[in-house]
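Structure first, then comments.
The values are calculated or read from the model by the stated rules, or taken from the named source; none is laboratory data. Small disclaimer: the values here were computed from a predicted structure and weren't measured. No Cβ is skipped: glycine too gets one built from the backbone with ideal geometry, and neighbour counts run over all protein chains shown.
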Amino acid sequence: MVTIKELAEILGISRGTVDRVLHNRGKVSPEIREKVLAKAKELNYQPNRAGLMLALRKQPHRIGALVPSVGNPFFVPLIEGMRKATEEYRDLGFSLALREVKGFDRETHISLIRELIDDEGCDGIVITTMDDPSITDVLSSSGLPVIAVNSDISMEKLCYVGPDYYAKGALHAGLLVLTGRKSPRILILRGSEYMRGHGDIVRGFKETLERKGVPFTIAGEYDTEDDNELSEMIVREKLREDPSIDTLFITTAGMYGAEKGTDGKDILIFTSDDIPVTKTLIRSGRIGWTICQEPFRQGQESVRRMQDWFIDGSKPQDLYTQHVVKILENIDA
């Protein structure tokens, strides 16, 4: 079995440089890092896990997390999962620096990312944020490993952990077809057009209806910033302008305000996740179904994957969480 010393001799670089690459310590140029990892893989280098554990205790790692959880109860179990994973690895010196934000303001997200990098001194970032170049440039230029959780972003990263939103939208479309509703006129509420997952779910929904040859009309697509007051205002105004709207698709949060904005009109409503207000509205018959996506697992597995990467340096695989359809009969399951 090849050793670090032998790898260094083969590559013609210092043993310390090889050690920093394989143990994820210190800064090494991307070219050297790629060269070392490629040769280590070629020669089947196997790290001494006991030695890695000892090294981790001597040099703790702090993982930064940013989630748009303020006012959005979906993220409560996701954060619980992050904290659970941190506790599992705490004796190895891992800790979590969490930043919570309301909605999807670009500059606010950038400011909090910089806090995690500069003020907290984080070694890696687990993040739910917009798929926006100004944000991904900040993450990329930091040189830190990044894992996208819940909604993917377009940049070089370790992995993505979360749902396949396109498939989730397709599932919503399939359920709508099963209702037998003829030529639905649909109002769609999403969190933000800048969240990749929020766009994918709408695209999957519409394209699936088109493939199935279902006649439908989109009465409008609106960003709500996951805010109940804004959701209520949009729904009330659109129903006043267009009383023929008979279907309301709420892709993310804001369902309490959105339902309130219907003023009790007989309209088919479906949404995402099984937060407390969704359960209440399903029990009352106001929401037909919801599709859940294992938020606790998303939080736990995203932080676990980051920690495992620091331990053994192996690039983690993407993880797509399960879609769970809930209706009145299983909403409390």
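Quickly run through the stretch 71-113 and pick out the residues that are among the basic types (Lys, Arg) and in contact with a helix residue (DSSP H, G or I) (Cβ under 7 Å, 6 or more places away or on another chain).
Answer for the stretch 71-113, where residues must be among the basic types (Lys, Arg) and in contact with a helix residue (DSSP H, G or I) (Cβ under 7 Å, 6 or more places away or on another chain): Lys84, Arg99, Arg106.
Take the residues in the stretch 242-260 that are out of contact with any Leu (no Cβ under 7 Å at 6 or more places or on another chain) and among the charged types (D, E, K, R), then tell me which one is nearest to Glu221 (Cα to Cα).
If we take residues in the stretch 242-260 being out of contact with any Leu (no Cβ under 7 Å at 6 or more places or on another chain) and among the charged types (D, E, K, R), then Asp242 is nearest to Glu221 (Cα to Cα).
State all residues of the stretch 119-163 that are charged (D, E, K, R) and within 15 Å of the chain's Cα centre (by Cα); if no residue qualifies, say none.
Asp131, Asp132, Asp152, Lys157
Within the stretch 251-278, count every residue that is under 24 Å from the mean Cα position of the chain (by Cα) and either among the polar types (S, T, N, Q) or part of a helix (DSSP H, G or I) (or both).
Residues flagged as under 24 Å from the mean Cα position of the chain (by Cα) and either among the polar types (S, T, N, Q) or part of a helix (DSSP H, G or I) (or both) within the stretch 251-278 amount to 11.
Restricted to the stretch 74-101, and to residues that are at pLDDT 95 or above and part of a loop (DSSP other than H, G, I, E, B), which residue is farthest from Val149 (Cα to Cα)?
Here the residue is Val101.
Which residue, of Leu248, Leu239, Leu281, is over 19 Å from Ala333 (Cβ atoms) and either under 29 Å from the mean Cα position of the chain (by Cα) or modelled with pLDDT under 95 (or both)?
Every option except Leu248 fails the conditions.
Which of the residues that make up the stretch 122-181 are part of a loop (DSSP other than H, G, I, E, B) and either at positive phi or basic (Lys, Arg) (or both)?
Correct list: Gly143, Asn150, Lys157, Gly180, Arg181.
Going residue by residue through the stretch 98-115, is there one that turns out to be surrounded by 15 or more Cβ atoms within 10 Å (Cβ to Cβ) and touching a Gly at 6+ places or on another chain (Cβ under 6 Å)?
No, that holds for no residue.
Mind checking whether some residue in the stretch 294-304 is in contact (Cβ under 8 Å) with a residue 12 or more places away in the chain and over 17 Å from the mean Cα position of the chain (by Cα)?
no
How about the stretch 136-167: which of its residues are buried (at least 21 other Cβ atoms within 10 Å of the Cβ), touching a helix residue (DSSP H, G or I) at 6+ places or on another chain (Cβ under 6 Å) and either hydroxyl-bearing (Ser, Thr, Tyr) or closer than 16 Å to Asp273 by Cβ (or both)?
Of everything in the stretch 136-167, those that are buried (at least 21 other Cβ atoms within 10 Å of the Cβ), touching a helix residue (DSSP H, G or I) at 6+ places or on another chain (Cβ under 6 Å) and either hydroxyl-bearing (Ser, Thr, Tyr) or closer than 16 Å to Asp273 by Cβ (or both) turn out to be Val149, Asn150, Ser151, Gly162, Tyr165.
Quick check on the stretch 307-329. Is at least one of its residues modelled with pLDDT of 95 or more, crowded, with 18+ Cβ neighbours inside 10 Å, over 20 Å from the mean Cα position of the chain (by Cα) and not assigned by TED's automatic domain parsing to the domain that holds Val21?
Looking for residues that are modelled with pLDDT of 95 or more, crowded, with 18+ Cβ neighbours inside 10 Å, over 20 Å from the mean Cα position of the chain (by Cα) and not assigned by TED's automatic domain parsing to the domain that holds Val21, one finds at least one in the stretch 307-329, hence yes.
Test Phe270 against the stated conditions and say whether it is outside the structural domain of Ala97 (by TED's automatic domain parsing), surrounded by 19 or more Cβ atoms within 10 Å (Cβ to Cβ) and either touching a residue at least 40 places away in the same chain (Cβ under 8 Å) or within 23 Å of Arg99 (Cβ to Cβ) (or both).
yes
Please indicate, with yes or no, whether at least one residue in the stretch 242-250 is without any contact (Cβ under 8 Å) to a residue 40 or more places away in the chain and either touching a helix residue (DSSP H, G or I) at 6+ places or on another chain (Cβ under 9 Å) or in a loop (DSSP other than H, G, I, E, B) (or both).
Yes.
Exactly one condition in (1) buried (at least 17 other Cβ atoms within 10 Å of the Cβ); (2) within 23 Å of Phe104 (Cα to Cα) is false for Phe296; which is it?
Single failed check for Phe296: (1).
Within the stretch 212-235, is there a residue that is over 22 Å from Ala148 (Cβ atoms), basic (Lys, Arg) and not in a loop (DSSP other than H, G, I, E, B)?
no
Are there any pairs, at least 6 apart or on different chains, whose C-beta atoms fall under 7 Å, with the first in the stretch 170-184 and free of Cβ contacts under 8 Å to residues at least 60 places away in the same chain and the second assigned to a loop (DSSP other than H, G, I, E, B) and surrounded by fewer than 15 Cβ atoms within 10 Å (Cβ to Cβ), and if so, which?
If the second residue must be assigned to a loop (DSSP other than H, G, I, E, B) and surrounded by fewer than 15 Cβ atoms within 10 Å (Cβ to Cβ), the pairs left are Val177/Lys212; Ser183/Pro215.
What tally of residues in the stretch 251-261 results from selecting those that are modelled with pLDDT of 95 or more and of a type in the set (Val, Ile, Thr)?
Matching residues across the stretch 251-261 total 1.
Quick one: in the stretch 219-247, which of the residues that are touching a strand residue (DSSP E or B) at 6+ places or on another chain (Cβ under 7 Å) and among the acidic types (Asp, Glu) is surrounded by the fewest Cβ atoms within 10 Å (Cβ to Cβ)?
Per the criteria, the residue is Asp242.
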